[in-house]
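I have placed the structure first, in the form of C-alpha cells, so that the comments after it can refer back to it.
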Amino acid sequence: MAAQNFKHALFCAIVTLVISYPILGLNLVAQGTQVVLEGADTATLISIVLAAVAVFLFQLFRDHIMGSVGKMPNLNPFANREPMEQSKRQRLDTIVLTLLVIGALIWPFLVSRGSVDLATLVLIYVMLALGLNVVVGLAGLLDLGYVAFYAVGAYTFALLYQYFNISFWLALPIGACLAATFGFLLGFPVLRLRGDYLAIVTLGFGEIIRILLNNMTWLTGGPNGIGGIPDPTLFGMEFGRRVKEEGNTLFHEVFNISYSGNHKIIVLYLITLVLALFTALVIRRFTKMPVGRSWEALREDEIAARSLGLNRTSVKLSAFTIGAFFAGFAGTVFASKQGFISPESFVFLESAIILAIVVLGGMGSQIGVILAAVAVIILPELAREFSEYRMLLFGLAMVLMMIWRPQGLMPMRRIHIELKKQE
Amino acid sequence: MQDLLYFLQQLINGLTIGSAYALIAIGYTMVYGIIGMINFAHGEIYMIGAYTALITITGLASLGVAWLPLILIVALICAVLVSSSMGWAVERVAYRPVRGRHRLIPLISAIGMSIFLQNYVHLAQGSRNIGFPALIQGGFQFGDPDSFQTSISYMQITIFITTLICMTALSLFISRSRIGRACRAVSQDLGMANLLGIDTNRIISATFIIGASLAAVAGLLLGMYYGSVDPLFGFIAGLKAFTAAVLGGIGSIPGAMLGGLILGVSESMTSGYLSGEYKDVVSFGLLILILLFKPTGLLGKPEVEKI
Amino acid sequence: MRTSVKKLAAAVGASVAVMAAGQVAAEIKIGIAGPMTGPVAQYGDMQFSGARMAIEQINANGGVDGEMLEAVEVDDVCDPKQAVTVANRLVNEGVQYVVGHLCSSSTQPASDIYEDEGVLMITPASTSPDITERGYELVFRTIGLDSMQGPVAGQHIASLNPERVAIVHDKQQYGEGIATAVRDTLQAAGVEIAMFEGITAGDKDFSSLITKMKQADVDYVYYGGYHPELGLILRQARQADLDAVFMGPEGVGNKDINTIAGDAAEGLLVTLPPSFDQKEENQALVQAFNDKGEDPSGPFVLTSYTAVQLIADGIAQAGSDDPMEVAAALRANSFNTPIGTVQYDDKGDMRSFEFVVYEWHSDGSKTPVN
C-alpha cells in the first residue's frame, strides 16, 4: 500500500514538473529579430520545485490529510440550533430584506464613486444571472449563448439612440422586447435538442450574433463599437456637466448645487437597483405561477412532464423568452452605464461568467444567485493588487467551487410545509 | 481552367485546415463518448502543445542542432509529453472529483480550467504573438505561370499525411488493441465495464492522454503552418474543433474527422467566394442546420432515451 | 434564509470596504494609458518608456513649479472596452492629465469620458482623424494624422506605377481608417484597386485571402492594421508564392514582425514618423535612454516623452493646473520638444508632422526610401 502510494506520489510529482518547467521555466523572448529561450529567474524555478515537492507529499499522505480535514469541527455556530418556526422566520426575513433595500438606497450617498460604479455593475450581473437562472436553473435548459440577448439589448439602445435619438426609458422596453423576440426565435431550432447539443447550438448562436456585430460595420461600427450612448434622464433633467440634448435641463442647475461626477453615477445606480428589484420580484412571481412550475417539471423529467400534458414547446419557448427579456434590460442599462459598447463585451467568456454565477448561487435559487453575483464581481476587485493573477485565480476558483460545493451557495429551497415534531 | 484551379486551391486550403480541426476534434469526441462531458479546456491543451513545440524548437536551434527531421521529432515528442501530462493532470484535478454529478458541474469546472490555463500561459510567456519558424518551406505549383497557379506547399502535404497516419493509427488502436477494446466498452456502458473488471479510471485517463497527444501534434503542425502563437488562439480553434465534432456526431471518431473536413472546406469556400468576414457565421449556421435535421450529428448514433 | 440574508449583508459590507482611501496629494497625477499586455504591447512599451523617462527627468529638475509628477499607469490592452474601464478608473482616482491612449479605437471612446469629466488628454500614437473632429477642447496629439499618412503611402505606391493594388484592413478604426485614406488617394491617382477587404484581428489563417489576391494578380498590397496579422500574411503569402510588394502604416513597423515573417519581411514598405532619435539635439536624451537599457528608436517613445513635457510646460505657462487653462495655453503657444517645434491648431492637431516611407529589412533595420 505504501509502495503503491509512493509510486503514485512520485508520478504526480514528475507530472507537475513536466507541466510547469517548459512553460514556466523557459521563456520565449524576442531579441531583435530572433526568438530565443531564456531561463526563468530563480524564484520561479524554486517555486516549480516546491510545487512538485508539495504535490509529492500531498499524494503520499493523502489519506491522512483528507481524514483529518473531515474530522475538523464544524465552524458554523448556527449548525446545531433548532430551525426557527415558519411564521417567525418569514417575518424576520421580511424585516431584514426591507432593511437591506433601504440600506441599498441610502448607501451610495455615503461612499466613493468607484464603489457605486462597481455596485451598478454588480446589479447588472444580478439581472443577467436572474434571467439565466430562469433558463438554466429553473427550466434546466443548458444555454451557453445567453450573452447574445444581452448584446441585443445593448445594441438596440445604442442604435436607436444613434439613428432615432430615442432616450433610455423608451429604449428599455424596446430593447427588452427585441431580446425576448430573439429568445423566442432561438427557442425553435433547439426544441428537439437535448443536453449538450442544446449547449453547443446556443453557444453557436451566441457566437453568430457576436460575429455579425463585429462584421456589420456599416450598422454596428464593427470592432470599433458605438459610442456616445447617453445616461438616463429623469423628468427631462440630465446629470452631466453639459447638456447633450436640446431642451433638457441640468440637474445641478435646477437644484443649484455644484456639479459633481457623483450625480450621474448615483442616479444610474438607483435606476439599476429599481430594475434589479423589479426583475427579482417578477421572476419570483413567475416561479409561483403555473408557468414556473412547468419549467421545474421540465427540468426534473421531461418525459413525465409531457405525459402529464405539458406542452414542451410552449414551456421551453416561455423560458427562453422570459430569460432573454431580462437580459435585454441588463443590456440597455449596461450600454448606458459604459457609454460605449463593442462586440468585445459580449464574448463567450461573459456567458461563462453568468453561467458560473448561476451555478455558484445554486440553480433556481434567487438569493443564492444574487450572493454569487456579488461575490464573483466584487472579489476580483478586492484583489486588484494581484491584478495579473486575477483571471488565473478566477478560473481556479471556479474549479474549486465545483469540487467543494457543487450545490451552490444557497441551494434552492422549495416552498414547503413542515410537519410539526411530535413531542 | 483558371476557375477550376482557383476552386482547387481553396479546396486544398480547406482540407488542410480541416485536417487540423479533425485532429483536435478527436480529443473532444473521445472524451464525450466516454464520460459524456464537454472538455472545454481541450483548446488550451492544443495551445500548450504549440507553445511547447516552439520552446523545444527554439531550444534546439540555440544548441546548434540543424538537422530538420531530428528537430521535428524531438519537438513532437516534447509537445506530446507536455500536452498529455497536462491533459492527465486536468482530468485528475478538475474532472474526476465531479464526475457523475449534474452535467453543468463538470462543464463549469472545464470552463474554469480553460480560463486558468489561458492565463497560466499568458503569465508565463507573455501575451504577445510569438513567431514560429517556418521549418518546412516550398511546395509544388501547377498551372500556367502567367495566370493563376495552384500551389500545394510541403507543409500542407505534411499536415494531410500526418493526419492520415494519426487517424489510421488511432482506428487500429481502438479496434485491435486491448486498451482500445476497453475504451469502447467503457464508452458503451461505464457501470458494466467496471463490473467486468476494467479499471475505468485508467481507461478514462488514457482517453484524455490520447486526445491531448493528437492536439499536441496539431499544435506543432499548425504553428508551423500559420506562423505565430499566442495564449488566446487555442480557445477559438477549440471552439471550431468542437463544432466539427458535434457536426460529425459527437462520440464518433470518424464523425470527428468528417466534421473537421466539412468545416474546414466550408470555411475556405466561404472565404474564397463570399467574404472572409462571414466564414465563422457560415460554420455555425451549417452546424445549426445539420442539427435541425439530424439532431445527433452526421454520423452520430441516435440517442435512445430510456424512461 | 436568515444565514443567506446575513451573507448578503456581509457581502455588501465588504464592498463598502472597497472604498478607496481619499487621495490627498500635492502631486500632479499623470495617467499613462496604453497596452501593457496584448498583441500590440510592444508599442505600449514604447509609450510607457518615453513617458516614464519624461516624468523622471522633470522630477529630477524640480518638478513643475515645485510639484512632482506622479505616474498612474493603466493597461487598456488596445481594446475599446478596457479603455473605457480604465478611463473611468483614472477619472475616479482624480487624475486630470492623461498621456494616452495608444490605439485609435481605444482613444476614441476614452476621450469621450475625458472630455466629459474635464481631463486633458494627449495621445502620442493615435492617428485616426476622427479623434479631433468632434470639437473637443481637451484632446491633443503628438503624432500626425492618417489623413496625412495615407496620402504619403498612396502617392508612393502610385509613383511606382502598379498594375493592380489590393487593400486589406483589420476593420478597426485605425486600420480601416488608413486603408480608406490610401484607397482614396490611389483612386484619385487613377490606380486600379483590385480588392478592398477586411479581416478580423486575431485571425491566423489567411490562405483564402492570399489565394484571392493571387487570382486577382495584384502586384502591390496595402495593409491597414498592426504587425501580428501582417506578419502572418507576409509569411503565408511567401509560402503560397504570391509575388507582391507589401506596404503598411506605422502600426507594423516593429521588430516583432521579423520574428513572425522571417525573410518575408524584407522589402516591406512602411510609413513611419521620422527618426527623432537621429536628430542632433536629442543625443543627450538618447544617451539617457541607452543608459537605462531602453531603446529610443521606436516610433512612439519620443512622442510620449513630448506629451508629458507638453503637459508640464502647459501647466507652467498657464500658471495653474486646471486642465481647461492648460489646454488654452497649449493652443496659444509654441513649444520646443524632442520631436521639434510643436504648435497646435484649434482641433488639437499639430500644425505640421511628416511621415517618411521606409523600407524594412529582415534584420529589423529600416532605410528611408526617397
Answer residue from the range C:65-83, given it is surrounded by 20 or more Cβ atoms within 10 Å (Cβ to Cβ) and among the hydrophobic types (A, V, I, L, M, F, W, C) and is nearest to the chain's Cα centre (by Cα) among those
C:78
Going through A:9, A:104, A:43 one at a time, which residue ends up being facing another protein chain (nearest Cβ under 8 Å) and modelled with pLDDT of 80 or more?
A:104
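Determine, yes or no, whether residue B:89 is crowded, with 24+ Cβ neighbours inside 10 Å and touching a helix residue (DSSP H, G or I) at 6+ places or on another chain (Cβ under 6 Å).
Numbers: crowded, with 24+ Cβ neighbours inside 10 Å: no; touching a helix residue (DSSP H, G or I) at 6+ places or on another chain (Cβ under 6 Å): yes.
No.
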Suppose we filter A:266, A:271, A:257, A:283 for residues that are more than 11 Å from every other protein chain (Cβ to nearest Cβ) and free of Cβ contacts under 8 Å to residues at least 24 places away in the same chain; which single one remains?
A:257
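This table checks each residue for (1) free of Cβ contacts under 8 Å to residues at least 60 places away in the same chain; (2) at positive phi; (3) in a helix (DSSP H, G or I).
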{"residue": "C:147", "(1), (2), (3)": "yes, no, yes"}
{"residue": "C:157", "(1), (2), (3)": "no, no, yes"}
{"residue": "C:168", "(1), (2), (3)": "no, no, no"}
{"residue": "C:179", "(1), (2), (3)": "yes, no, yes"}
{"residue": "C:186", "(1), (2), (3)": "yes, no, yes"}
{"residue": "C:194", "(1), (2), (3)": "yes, no, no"}
{"residue": "C:204", "(1), (2), (3)": "yes, no, no"}
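This table checks each residue for (1) at pLDDT 80 or above; (2) basic (Lys, Arg); (3) touching a Gly at 6+ places or on another chain (Cβ under 9 Å); (4) closer than 27 Å to residue A:268 by Cβ.
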site	(1), (2), (3), (4)
A:59	yes, no, no, no
A:74	no, no, no, no
A:84	no, no, no, no
A:89	no, yes, no, no
A:111	no, no, no, yes
A:125	yes, no, no, yes
A:137	yes, no, yes, no
A:149	yes, no, yes, yes
When the residues of the range C:99-110 are narrowed to those that are more than 19 Å from residue A:217 (Cβ to Cβ) and in contact with a helix residue (DSSP H, G or I) (Cβ under 6 Å, 6 or more places away or on another chain), which ends up farthest from the other protein chains (Cβ to nearest Cβ)?
C:99
Determine, yes or no, whether residue B:209 is in a helix (DSSP H, G or I), under 25 Å from residue B:96 (Cβ atoms) and among the aliphatic types (A, V, I, L, M).
yes
Contacts under 9 angstrom Cβ, first residue in the range A:17-40 being within 13 Å of chain C (Cβ to nearest Cβ), partner crowded, with 20+ Cβ neighbours inside 10 Å and aromatic (Phe, Trp, Tyr), 6 or more apart:
A:28/B:51; A:35/B:132
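Somewhere in the range C:252-262, is a residue within 14 Å of chain B (Cβ to nearest Cβ) and among the basic types (Lys, Arg)? Reasoning before the result, please.
Step one: filter the range C:252-262 for residues within 14 Å of chain B (Cβ to nearest Cβ), giving C:252, C:254-262.
Now drop any that are not among the basic types (Lys, Arg), which leaves C:255.
Yes, the range C:252-262 contains a residue that is within 14 Å of chain B (Cβ to nearest Cβ) and among the basic types (Lys, Arg).
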Among the candidates A:204, A:183, A:175, residue that is within 30 Å of residue B:300 (Cα to Cα), part of a helix (DSSP H, G or I), away from chain B (no Cβ under 14 Å) and of a type outside the set (Phe, Trp, Tyr)
A:183
Note on residue C:134: of the conditions (1) in contact (Cβ under 8 Å) with a residue 24 or more places away in the chain; (2) within 22 Å of residue C:108 (Cβ to Cβ), unmet is (1)
Among the residues listed as B:66, B:25, the single one being surrounded by fewer than 24 Cβ atoms within 10 Å (Cβ to Cβ) and of a type outside the set (Lys, Arg)
B:66
Would you please name the residue that is nearest to residue C:44 (Cα to Cα), looking only at residues in the range C:117-138 that are within 12 Å of chain A (Cβ to nearest Cβ) and part of a helix (DSSP H, G or I)?
C:131
Report the residue count in the range B:228-238 for those that are within 13 Å of chain C (Cβ to nearest Cβ) and within 15 Å of residue B:113 (Cα to Cα).
4
Scan the range B:57-92 residue by residue and report those that are in contact (Cβ under 8 Å) with a residue 60 or more places away in the chain and of a type in the set (Phe, Trp, Tyr).
B:88
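What number of residues within the range B:121-131 are touching a residue at least 24 places away in the same chain (Cβ under 8 Å) and more than 8 Å from chain C (Cβ to nearest Cβ)?
Within the range B:121-131, the first condition is being touching a residue at least 24 places away in the same chain (Cβ under 8 Å), and the residues that meet it are B:121-122, B:125, B:127-131.
From what's left, more than 8 Å from chain C (Cβ to nearest Cβ): B:121, B:125.
Residues that pass the stated criteria total 2.
Considering every residue within the range A:158-167, establish whether at least one is among the small types (Gly, Ala, Ser) and under 21 Å from the mean Cα position of the chain (by Cα). Spell out how you get there, then give the answer.
In the first step, residues of the range A:158-167 are kept if they are among the small types (Gly, Ala, Ser); the result is A:158, A:167.
Pick out the ones that are also under 21 Å from the mean Cα position of the chain (by Cα) and you get none.
Within the range A:158-167 (the criterion being among the small types (Gly, Ala, Ser) and under 21 Å from the mean Cα position of the chain (by Cα)), the answer is no, since none of the residues qualifies.
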May I ask you to verify whether residue B:294 is without any contact (Cβ under 8 Å) to a residue 60 or more places away in the chain and either more than 10 Å from every other protein chain (Cβ to nearest Cβ) or at positive phi (or both)?
yes
Consider residue A:150 carefully, then state whether it is closer than 22 Å to residue A:229 by Cβ and touching a strand residue (DSSP E or B) at 6+ places or on another chain (Cβ under 9 Å).
no
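Given the options A:109, A:184, name the one that is surrounded by fewer than 21 Cβ atoms within 10 Å (Cβ to Cβ) and within 25 Å of residue A:364 (Cα to Cα).
Working: A:109 fails: within 25 Å of residue A:364 (Cα to Cα).
Among A:109, A:184, only A:184 is surrounded by fewer than 21 Cβ atoms within 10 Å (Cβ to Cβ) and within 25 Å of residue A:364 (Cα to Cα).
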Which pairs turn up if I take residues in the range A:339-353 that are in the same structural domain as residue A:202 (by TED's automatic domain parsing) and look for partners that are at pLDDT 90 or above and of a type in the set (Phe, Trp, Tyr) with beta carbon separation below 6 Å, at least 6 apart in sequence or on another chain?
A:351/A:146
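Just need a number here: residues in the range A:327-363 that are in a loop (DSSP other than H, G, I, E, B) and either closer than 20 Å to residue A:162 by Cβ or more than 14 Å from chain C (Cβ to nearest Cβ) (or both). Step through it out loud before you land on a result.
Restricting attention to the range A:327-363, the residues satisfying the condition of being in a loop (DSSP other than H, G, I, E, B) are A:339, A:342, A:347, A:362-363.
Filter once more, so that each one left must be either closer than 20 Å to residue A:162 by Cβ or more than 14 Å from chain C (Cβ to nearest Cβ) (or both): A:339, A:342, A:363.
Residues flagged as in a loop (DSSP other than H, G, I, E, B) and either closer than 20 Å to residue A:162 by Cβ or more than 14 Å from chain C (Cβ to nearest Cβ) (or both) within the range A:327-363 amount to 3.
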One residue is enough: does the range C:71-91 have a residue meeting the conditions touching a helix residue (DSSP H, G or I) at 6+ places or on another chain (Cβ under 7 Å), of a type in the set (S, T, N, Q), within 10 Å of another protein chain (Cβ to nearest Cβ) and free of Cβ contacts under 8 Å to residues at least 60 places away in the same chain?
yes
Report yes if residue A:371 is touching a Leu at 6+ places or on another chain (Cβ under 8 Å), within 14 Å of chain C (Cβ to nearest Cβ) and not β-branched (Val, Ile, Thr), otherwise no.
yes
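For a quick check of your reading: which helices (runs of 4 or more DSSP H) sit entirely within the range C:213-292 and have at least 3 residues that are in contact with a helix residue (DSSP H, G or I) (Cβ under 9 Å, 6 or more places away or on another chain) and under 30 Å from residue B:7 (Cα atoms)?
Working: elements: C:227-239, C:256-261, C:283-291.
Here the list reads C:227-239.
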Residue hits (the range B:34-61; surrounded by fewer than 24 Cβ atoms within 10 Å (Cβ to Cβ), in a helix (DSSP H, G or I) and not hydrophobic (A, V, I, L, M, F, W, C)) are B:58, B:59
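Confirm whether residue B:43 is at positive phi and either within 17 Å of the chain's Cα centre (by Cα) or more than 7 Å from chain A (Cβ to nearest Cβ) (or both). Lay out the reasoning, then the answer.
Working: at positive phi: no; either within 17 Å of the chain's Cα centre (by Cα) or more than 7 Å from chain A (Cβ to nearest Cβ) (or both): yes.
For residue B:43, the condition - at positive phi and either within 17 Å of the chain's Cα centre (by Cα) or more than 7 Å from chain A (Cβ to nearest Cβ) (or both) - is not met.
The values are calculated or read from the model by the stated rules, or taken from the named source; none is laboratory data. From a predicted model like this one, the values you see are computed outputs, not experimental measurements. With ideal geometry, Cβ positions are generated from the backbone for all residues, glycine too; neighbour counts draw on all protein chains shown.
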